[in-house]
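Read through the structure below, which is laid out as structure tokens, and then see the notes.
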Amino acid sequence: LHCQLLQRGFQYAAGFKLPCKWLVKTETMAPDFGIEALGSLFIKPCEIRSDKDQLLAAFRAGASRDGKRLGLVLHVADSLLKTDEQSPWNGSCIELFFTVEGKPCITQFFILPETQKLPACILRVADTASGRTAKSDARIKLMTKTFDGGYDAFVLLPVDVLGAKSASSLAFELGVTAGQDKVFERGRLFGNTRAHECASGFGSFYLDAH
């Protein structure tokens, strides 16, 4: 069983390589975190770039064999590393957007990395019209590790938090806001800049039992 991203017109960049410091090793995480069990199921890294074609992040995803847990790993290049819990989109953050097959609503999360002043946290958007957020379900596990020039983020998400029975019933978009050359740049994995209100072009997870 393995997990792949499927999206019309989307392919991994040919010959895509990362500097050595960008290689994410799940075995360096806390033993009780749980995502290391998904290690052999992860897709190869794919890249998230800004409108200026700046490489903002590398992204990997995997699912448990029963499809009930989703693991996400991101390696983000962020030279500013400044968060804002009141308006998270204005600072360093990762945005996750999910829809469940047969359900019209979009669930949005902000992942904020640890900084010198604030701990890492996940915020769930309670009101998409205003962007009002609330602390997310405690069952979603998050760990971030900072390094010189950015951070790694590890997320372990039970799909029933989204009202889904399996990762294969999910569609999603992923965005990154990161500091580049003293300003924040934004990029989306599948290019949907209005993912908070429209699921057009979302990617999906395909579980193949081989």
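Read-outs: derived from the displayed coordinates by stated rules, not from any lab. As the structure is a prediction and not an experimental result, all values here were calculated from the model. Reconstructed Cβ throughout: ideal geometry from the backbone, glycine too, with neighbour counts over all protein chains shown.
Here are the numbers for this structure:
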| read-out | value |
| --- | --- |
| Sorted largest first, extent of segment 84-137 alpha carbons per principal axis (Å) | 42, 19, 17 |
| Set Lys117/Lys182; Lys82/Lys145; Lys103/Lys141; Lys117/Lys145; Lys52/Lys135; Lys52/Lys182 screened for pairs whose C-alpha atoms are more than 22 Å apart | Lys103/Lys141; Lys52/Lys135 |
| Highest to lowest packing among 132-142, 82-92, 52-62, 68-78, scored as the average C-beta count within 10 Å | 68-78, 52-62, 82-92, 132-142 |
| Principal axes of segment 81-210: Cα extent on each, largest first, Å | 41, 32, 27 |
